[in-house]
Amino acid sequence: MRLHVVLAPDNIRRLDISENLTSVEHLKIILQEKLEIKDDFLIQFEDPEFGNELCNLTSITELPPDRAVLKILLKLPEECESEISISSLDTASMSSPSISSNQSSPSLNIRHQENSQWPSSFPIPKFKYDVELRLAKGNENFREDGSLLTIPREMKMEILDAIAQAIFSFKAYPNNQELESVSAALIKKHPCLKDPGAGTGYHSWTMSIKYKVGNYRQKLRSVGCSEVAVNQRADKDSRRLKKAKRCEVNFLPDIPLGQTEYSLQKERDALQEELKKKHFNMAFVDSKMELTFPLRRKEIVDKEPLVADVLKQWPALFLEDQVCAEFYRITQTNLKSTFFSSLDEYASPMIKLYRARGGAYEEEMKTLIDQLDNQVII
């Protein structure tokens, strides 16, 4: 079997495995040996039956027979989980063991590799001790007699603040469906917080979380967070207002700690010099492109340069590998696999359209369709 293993945006490996895989644990042992992974991890794979969406690997029979794309998610120590889940700024600054130690730390609001995709079940963070104590007693009473907890205003604010920070560690602009998944997860974990009366039981929490997330973005905007500050209207000009429905995960990251625009410009100069060589070092190009990502996004978003200017300043951005890498850095989505899966989805309607097409290219189109029919028959 040939595996395409994604450890991090800048650390993607290809493995050829000759032995027969008997279980997921067997696969984990092989990956630990070949990729030198010391910590425990979770394996996800791109499921071809669902448009190559990521899915947790629970059985080795779920993998495609010959080739598979895997994503490695490192598991954090239990004592760190609560601290990380409620921290939106520190989450991205933690380094993964799969990334070389000589790399500079990523920008503050670049999402951590484990948090690049919205989770199927949102992890509710742990709250302050007094809040957790009240919730524990409230949940116990709910199980005994179904009574709901009366929540003081300061307790509700503590809960909403922690949840807003946890949401931002995944996404700055969650949609309504994602917000509902958060409130549903909150009620599932703490049923004593359920809304009284009929209905879903979490509608009021969804609305409260929605407004709290908006207020949290405003707070970040006031302290200069680039990702949300870019959406602020200036001089009644809303052309640059980024809609919340867009899929960018890292639309406009801040400059990393320990770096300045000047230092990143020096890195860009080194990158430009490297690309002047006939045989340039692709690993060097990858590392410099990853490091200068915040500077590049700032120039493109703020200055909106012409394509010719981008080509002059960032020639590496026009390499095929870097187009895919930049797309992944911005959206945390594999460009090629997403494109080809979408192409397969629309292949039949496109072929029908080509068959019906007439006009000046009718003969050429018929020749191409005949060739395709012959390949299918063979």
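The values are calculated or read from the model by the stated rules, or taken from the named source; none is laboratory data. Quantities reported herein were computed from a predicted structural model and do not represent experimental measurements. Cβ sites come from the backbone with ideal geometry, for glycine too, and all protein chains shown count toward neighbours. Protein only, heavy atoms only, side chains kept; ligands, DNA and RNA dropped before computing areas. Shrake-Rupley method; radii C 1.70, N 1.55, O 1.52, S 1.80 Å.
Give me the aspartates and glutamates in straight-line cross-link reach of Lys278: C-alpha distance below 18 Å, same-chain residues under 8 apart excluded.
Lys278 reaches Asp269, Asp286, Glu320, Asp321.
Extension gain Leu35-Val310, at 0.36 nm per residue separation less the Cα-Cα distance, in nm?
Result for the pair: 95.4 nm of gain on full extension.
Which ³J(HN,Hα) values, rounded to whole Hz and listed in residue order, are derived for region 163-178 from phi using the Karplus coefficients 6.51, -1.76 and 1.60 in 6.51 cos²θ - 1.76 cosθ + 1.60 with θ = phi - 60°, glycine and proline given as x?
Here the 3J(HN,Hα) series is 5, 4, 5, 5, 5, 5, 5, 9, 7, 7, 10, x, 8, 4, 5, 5 Hz.
Ignoring ligands, DNA and RNA, what percent of the 1.4 Å accessible area of region 125-220 is carbon and sulfur?
Ligands and nucleic acids excluded, carbon and sulfur give 52 percent.
To the nearest 10 Å², what's Tyr211's accessible area with a 1.4 Å probe?
Here the residue's solvent-accessible area equals roughly 150 Å².
Multiply the residue gap between Ala360 and Ser147 by 0.36 nm, knock off their C-alpha separation, and tell me the result in nm, one decimal place.
69.2 nm
Step through the table entries Lys277/Lys336; Lys266/Lys298; Lys156/Lys210; Lys171/Lys212; Lys276/Lys312, compare each Cα-Cα distance with 19 Å, and write down the pairs that go over it.
Result: Lys277/Lys336 exceed 19 Å.
Modelled label-to-label distance, Ile300 and Gln218, 7 Å Cα→beta-carbon offset: nm?
In this crude label model, Ile300 to Gln218 measures out at 3.2 nm.
How high is the FRET efficiency between Leu42 and Trp118 when r is their beta carbon distance and R₀ equals 25 Å, given to the nearest 0.05?
Given R0 = 25 Å and the Cβ-Cβ separation, E is 0.95.
For the full complex of protein chains and a 1.4 angstrom probe, list Leu15, Leu306, Leu368, Leu149 by accessible area with the highest value first.
Highest to lowest solvent-accessible surface, that is Leu306, Leu368, Leu149, Leu15.
Using alpha carbon centroids, what distance separates region 207-221 and region 322-348, in Å?
31 Å
Taking R0 as 56 Å, what FRET efficiency do you get between Lys188 and Asp66 from their Cβ-Cβ distance, rounded to the nearest 0.05?
In this case the efficiency is close to 0.90.
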